[in-house]
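Just below is one structure, and these are the notes that go with it.
The values are calculated or read from the model by the stated rules, or taken from the named source; none is laboratory data. Keep in mind the model is a prediction, meaning the values are calculated, not measured. No Cβ is skipped: glycine too gets one built from the backbone with ideal geometry, and neighbour counts run over all protein chains shown. Heads up: the accessible areas ignore ligands, DNA and RNA and are worked out on the full protein's heavy atoms, side chains in. Shrake-Rupley method; radii C 1.70, N 1.55, O 1.52, S 1.80 Å.
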Amino acid sequence: MTTPTPRKVQPIVYFIGFTAALAGLLFGLDVGVISGAQEFIKKDFEVPTWKLESIVSALLWGAVFGTLISGTISSRFGRRKTILVSAVIFIVGSLFCSISTTPEMLIVARFVLGIAVGVASFTAPLYLSEISPQSVRGSLISMYQLMITIGIVVAFLSDTWLASYATFNGETGGHWRVMLGIISIPAAIMFLGVLFLPESPRWLFMKGRKDEAIQVFKGMHLGPTEIDMEVFEIEESLKVRQNGFSMFFQNPNFRRAIFLGMGLQTIQQLTGINVVMYYAQTIFKIAGFTTVVAQNWGTVIVGLTNVLATFIAIAWVDRLGRKPIMYAGFVVMGLALLTVGYFFKSDISAHPEMGYPAIFALLMFIVGFAMSAGPIIWVLCSEIYPNSGRDLGVTFSTSTNWFVNAIVGQTFLSLLTHLGNGNTFLLYGGMNALFIVFFVLYVPETKGVTLEKIEANLLSGLPLRKIGR
């Protein structure tokens, strides 16, 4: 069958992509809000450092659990219904956080909220990869990462406004409840929006509901030739009907993809991005910003930089490809964190002018991440798994992301205490240089290649770095 010339992508496709990507907005809100809430929580509950780390990381451990159950839920009930479930848990978890009366209750509430984050981070990119036309697949999945960054900056702005209000009125606590509870509003909006989305056509095919899948393609205004091609490719990929677990134990090529996805997600977290996002306020304090309001405005600048730089990936991921952008990102991130480490090893309290170049380097790190590892690793992990084992593959990779994420969140303040401020950032900067080697040896270029072609190459035994050819 010849490949048809793609028609202009219809607005309905972007509406579907945007609505599903709202899960990323909620993800970002939950990541960003805790940075500004920490000082208020610390004052209200008088918690030590280790318990504050536990409050921060509870959401991340919940996300690990959420991703582990997401494969079963999304495979049985569908991608769309699973996203709806995550919206409900977002609403419940946010309200639970806002009424917590003890640190332990808040930890439990954030664990519940983390389940929603894990379910959404598993299902939304998977849904986007399965419903997106090939020509814009990378861009639509990158939209998910863009919504994460927008959620983070909105949370930072909300935190800053509330911190400014509290400072102006001489108040010292309580506002963290509003910060954490207000997330229930966008969660409700996402729930309503997802009600109008179609189910993933690939999932419908896997359940033997071909006619419904074709109606989804027609609803996206694909032409008859394009629909025929989509149907042909999905049916070909589903001829070998294996579930994920049997593939994992029986097919070594599938295991290679699993380990690649886990490696990619480990790399994303060890770049150090969530050190910055969870503890941005602490980092600005190290850099010499003495007031809570000044520290919070610093986090807003971090968030805005994150949003703007993500547009680089969205614009170029389907043009330049995944790997060239990743190489540039690792170089920028590595050099930037090494620079931050250098300045933080100095006595900034005695030389406050050193704080400004350190923060500039920190912002360059954000640019490097947002244009590369942020969106593109999610794109790659949505592309490298065979159709029949995609649920299990994304479960492994996404749960790995949250597991490493939780370790990072649980250890950063302790690393600052035991290694020192400068050495902690030097450690993360050095790791970014090592990740380039991993990409050279193992990561494929998947630009412009159908999911079915990637699957065929993987299962034929080609080296991982060549499965995108």
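When the range 52-81 is examined, which residues are found to be within 17 Å of Val408 (Cα to Cα), small (Gly, Ala, Ser) and in contact with a Gly (Cβ under 7 Å, 6 or more places away or on another chain)?
The answer is Ser57, Ala58, Gly62, Ala63.
Give the range 263-285 a look and list any residue that's of a type in the set (Val, Ile, Thr), open to solvent by 30 Å² or more (accessible area, probe 1.4 Å) and modelled with pLDDT of 90 or more, or say none. Walk me through how you get there before you give the answer.
Taking the range 263-285 and keeping what is of a type in the set (Val, Ile, Thr), we get 266-267, 271, 273, 275-276, 282-283.
Checking the rest, the ones that are also open to solvent by 30 Å² or more (accessible area, probe 1.4 Å) come to 266, 282.
Once the filter is applied, which keeps residues that are of a type in the set (Val, Ile, Thr), open to solvent by 30 Å² or more (accessible area, probe 1.4 Å) and modelled with pLDDT of 90 or more, the range 263-285 yields only Thr266.
Here's a check for you: in the range 43-64, which residue that is among the charged types (D, E, K, R) and touching a Ser or Thr at 6+ places or on another chain (Cβ under 9 Å) is most open to solvent (accessible area, probe 1.4 Å)? Write out each step before concluding.
Taking the range 43-64 and keeping what is among the charged types (D, E, K, R), we get 43-44, 46, 51, 53.
This time we only want the ones that are touching a Ser or Thr at 6+ places or on another chain (Cβ under 9 Å), so: 43-44, 53.
Working: Lys43: 108, Asp44: 68, Glu53: 7 Å².
By that ranking, first place goes to Lys43.
Among the residues of the range 350-358, is there at least one that is within 26 Å of Glu53 (Cβ to Cβ), open to solvent by less than 50 Å² (accessible area, probe 1.4 Å) and of a type outside the set (Lys, Arg)? Quick ask: steps written out before the conclusion?
Taking the range 350-358 as the starting set, the residues that turn out to be within 26 Å of Glu53 (Cβ to Cβ) are 355, 358.
Within this subset, residues satisfying the condition of being open to solvent by less than 50 Å² (accessible area, probe 1.4 Å) are 355, 358.
Right, trim to of a type outside the set (Lys, Arg) and you get 355, 358.
The answer is yes, given that some residue of the range 350-358 is within 26 Å of Glu53 (Cβ to Cβ), open to solvent by less than 50 Å² (accessible area, probe 1.4 Å) and of a type outside the set (Lys, Arg).
Limited to the range 94-126, what total is found for residues that are open to solvent by less than 10 Å² (accessible area, probe 1.4 Å) and within 24 Å of Pro48 (Cα to Cα)? Break it down stepwise before answering.
So in the range 94-126, the residues open to solvent by less than 10 Å² (accessible area, probe 1.4 Å) come out as 94, 97, 100, 106, 109-110, 113-114, 116-126.
Still in the running and within 24 Å of Pro48 (Cα to Cα): 94, 97, 100, 106, 109-110, 113-114.
Final tally of qualifying residues: 8.
Scan the range 121-136 for residues that are assigned to a helix (DSSP H, G or I), of a type outside the set (Ser, Thr, Tyr) and modelled with pLDDT of 70 or more and jot them down.
Keep residues of the range 121-136 that are assigned to a helix (DSSP H, G or I), which gives 121-131, 134-136.
Add one more test, that the residue is of a type outside the set (Ser, Thr, Tyr), and what stays is 122, 124-126, 128, 130-131, 134, 136.
The answer is Phe122, Ala124, Pro125, Leu126, Leu128, Glu130, Ile131, Val136.
I want to confirm something. Restricting to the range 434-455 and keeping residues that are touching a residue at least 40 places away in the same chain (Cβ under 8 Å) and open to solvent by 60 Å² or more (accessible area, probe 1.4 Å), which single residue is farthest from Arg137 (Cα to Cα)?
If we take residues in the range 434-455 being touching a residue at least 40 places away in the same chain (Cβ under 8 Å) and open to solvent by 60 Å² or more (accessible area, probe 1.4 Å), then Tyr442 is farthest from Arg137 (Cα to Cα).
Of the residues Phe289, Phe311, which is surrounded by fewer than 24 Cβ atoms within 10 Å (Cβ to Cβ) and part of a loop (DSSP other than H, G, I, E, B)? Break it down stepwise before answering.
Values: Phe311 fails: part of a loop (DSSP other than H, G, I, E, B).
Sole residue among the options that is surrounded by fewer than 24 Cβ atoms within 10 Å (Cβ to Cβ) and part of a loop (DSSP other than H, G, I, E, B): Phe289.
Inspect all residues belonging to the range 33-44 and state whether any of them is free of Cβ contacts under 8 Å to residues at least 24 places away in the same chain and not β-branched (Val, Ile, Thr). Quick ask: steps written out before the conclusion?
Kept after step one, since they are free of Cβ contacts under 8 Å to residues at least 24 places away in the same chain, are these residues of the range 33-44: 42.
Checking the rest, the ones that are also not β-branched (Val, Ile, Thr) come to 42.
Looking for residues that are free of Cβ contacts under 8 Å to residues at least 24 places away in the same chain and not β-branched (Val, Ile, Thr), one finds at least one in the range 33-44, hence yes.
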